[in-house]
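What follows is a single structure, written as structure tokens, with notes after it.
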Amino acid sequence: MRGAGGLNVLKNLKINNMLELLQKYPKAAEVVKAYYLELMLETLNDSSLPENFKEHVREKGIDDDKIAKMLNGSPRSMFDVFDHNSIYINVTFDHEDRLFRYSVEGEVDSKNYVFRKAAEEAAVAEAFKLLNEKLCQIQS
């Protein structure tokens, strides 16, 4: 039981970190929310569902908590969003030292990660920052 409780604390901490990303980088968060909303609407692409229901779902959107949980569950799912916005993430594995590293836009992180998911989470955080900066520059 004690171990499971510790895992829940860690999971909640990671979800909070993802929530912080969404709040810290609002322009990037808009893009991410739109991406996930469209994915969700694609799954609702059923002719038996009325169009006004789909429009209601679009208007309501997806809240930050749900997005944070999705990001925490699979940070790799964000790679398509960043690719679409010309921000490229690469996660590599060094067979010699058995560690993962990542690069975003060719800039290699100097840290080593034992687990791929940890490298992906760090890469997504960096890509969020870059996407937000890019979107702010476009609007200027």
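Worth pointing out:
- Residue in the range 88-106 that is in a loop (DSSP other than H, G, I, E, B), touching a Lys or Arg at 6+ places or on another chain (Cβ under 6 Å) and under 25 Å from ASN16 (Cβ atoms) present: no
- In the range 56-72, the qualifying residues are those that are of a type in the set (A, V, I, L, M) and over 11 Å from the mean Cα position of the chain (by Cα), and the one that is surrounded by the most Cβ atoms within 10 Å (Cβ to Cβ) is ILE62.
- Single residue of the range 102-118 satisfying the filter (in contact with a Leu (Cβ under 9 Å, 6 or more places away or on another chain) and hydrophobic (A, V, I, L, M, F, W, C)) that is nearest to TYR88 (Cα to Cα): VAL104
- Exactly one residue out of PHE100, PHE93, PHE82 is under 20 Å from VAL31 (Cβ atoms), surrounded by 10 or more Cβ atoms within 10 Å (Cβ to Cβ) and not hydroxyl-bearing (Ser, Thr, Tyr), and it is PHE82.
- Selection within the range 103-124 - buried (at least 19 other Cβ atoms within 10 Å of the Cβ) and out of contact with any helix residue (DSSP H, G or I) (no Cβ under 6 Å at 6 or more places or on another chain): ALA119, ALA122, ALA123
- Taking every residue in the range 15-38 that is surrounded by 14 or more Cβ atoms within 10 Å (Cβ to Cβ) and pairing it with any residue that is part of a helix (DSSP H, G or I) and among the acidic types (Asp, Glu), at least 6 positions away or on another chain, the pairs with Cβ-Cβ distances below 8 Å are ILE15/ASP65; ASN17/GLU121; LEU19/ASP64; LEU19/ASP65; LEU22/ASP64; ALA29/ASP64; TYR35/ASP80.
We did not get these values from a lab; they are worked out from the coordinates using the rules stated. These figures come from a predicted structure and were not determined experimentally. Every residue, glycine among them, receives a Cβ derived from its backbone with ideal geometry; neighbour counts consider all protein chains shown.
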